[in-house]
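This report concerns only the one structure given below.
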């Protein structure tokens with residue numbers, strides 16, 4: 001009889017526990033299997049702006065109708081301002097691939113100018129014939145394919161880019177003849193478009209899940225379209241090296 005009473009008491013306690021346990025299970029919310037939020041991914045579309053220090057070099061060949069041909073090398077420095085757009089995709093391996101484009105204005109590479117003596121022996125005859133050439137970048141842009149690798153739990157992205165650079169430049173030519181009490185000048189102003197390869201190395205750092213900072217180095221090598229008139233023909237190659245910083249917003 002004693003055993004029967006003990007068995008009934010145990011059964012009553014078990015019956016009382018079952019509803020409470022079921023109620024607890026109904027309120028249970030599973031936690032993340034990792035216990036923390038998913039890691040940031042570089043996959044997405046980015047819009048931003050860059051500012052950089054630009055150092056350029058123009059190699060120019062002038063073929064004159066009346067006088068010898070001249071080769072001119074001019075250098076300039078200036079600030080470059082750009083808008084930057086990127087579309088990136090991150091693979092599980094940590095490799096990031098995508099495309100990026102920039103468009104900029106301002107005094108990229110600065111204004112380069114040089115004066116050439118077209119007649120070095122004319123001084124003995126009492127007159128001079130000189131030419132002043134000035135080149136300035138009006139605007140420029142790039143379109144690149146990008147490949148990189150993500151580090152430190154996707155906080156840092158190291159990347160390289162290669163593609164096509166393009167832009168428009170203003171060329172100003174002024175020839176001045178002076179001597180024997182007489183001075184005359186000939187002025188010509190032209191715009192020239194250029195296309196060529198561009199290469200970029202950079203690093204992007206995640207400040208927040210929606211804002212990234214960027215540091216980069218870019219080399220651009222453009223061949224500008226030839227310009228000619230009745231008196232001269234000008235061919236120009238443009239090389240630019242830019243070191244810059246930028247911020248982008250991730251959508």
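The values are calculated or read from the model by the stated rules, or taken from the named source; none is laboratory data. The shown structure was predicted, so the numbers you read here are calculated from the model rather than taken from an experiment. Cβ atoms come from the backbone with ideal geometry, glycine included; neighbour counts cover every protein chain shown.
In segment 139-148, the qualifying residues are those that are surrounded by 15 or more Cβ atoms within 10 Å (Cβ to Cβ) and modelled with pLDDT of 95 or more, and the one that is farthest from residue 92 (Cα to Cα) is 142.
Residues in segment 169-181 that are in a strand (DSSP E or B), modelled with pLDDT of 75 or more and farther than 19 Å from residue 239 by Cβ: 172, 174, 175, 176, 177, 178, 179.
Just checking, which of 210, 187 is at pLDDT 95 or above, more than 19 Å from residue 146 (Cβ to Cβ) and either touching a helix residue (DSSP H, G or I) at 6+ places or on another chain (Cβ under 8 Å) or exposed (fewer than 14 other Cβ atoms within 10 Å of the Cβ) (or both)?
The unique qualifying residue is 210.
Scanning segment 53-63 for residues that are surrounded by fewer than 22 Cβ atoms within 10 Å (Cβ to Cβ) and at pLDDT 85 or above yields 53, 55.
Take the conditions (1) within 20 Å of residue 240 (Cβ to Cβ); (2) at pLDDT 95 or above; residue 46 misses just one of them, which is (1). Applying the condition of being assigned to a loop (DSSP other than H, G, I, E, B) and at pLDDT 80 or above to segment 64-95 and asking which residue is surrounded by the most Cβ atoms within 10 Å (Cβ to Cβ) yields 94.
If only residues of segment 96-116 that are assigned to a strand (DSSP E or B) and modelled with pLDDT under 85 are counted, the one that is surrounded by the fewest Cβ atoms within 10 Å (Cβ to Cβ) is 115.
Might you let me know whether segment 228-241 holds any residue that is without any contact (Cβ under 8 Å) to a residue 12 or more places away in the chain and not in a strand (DSSP E or B)? Within segment 228-241, not a single residue is without any contact (Cβ under 8 Å) to a residue 12 or more places away in the chain and not in a strand (DSSP E or B).
For segment 117-128, a residue qualifies if it is surrounded by 18 or more Cβ atoms within 10 Å (Cβ to Cβ) and either modelled with pLDDT of 75 or more or in a strand (DSSP E or B) (or both), but none of them does.
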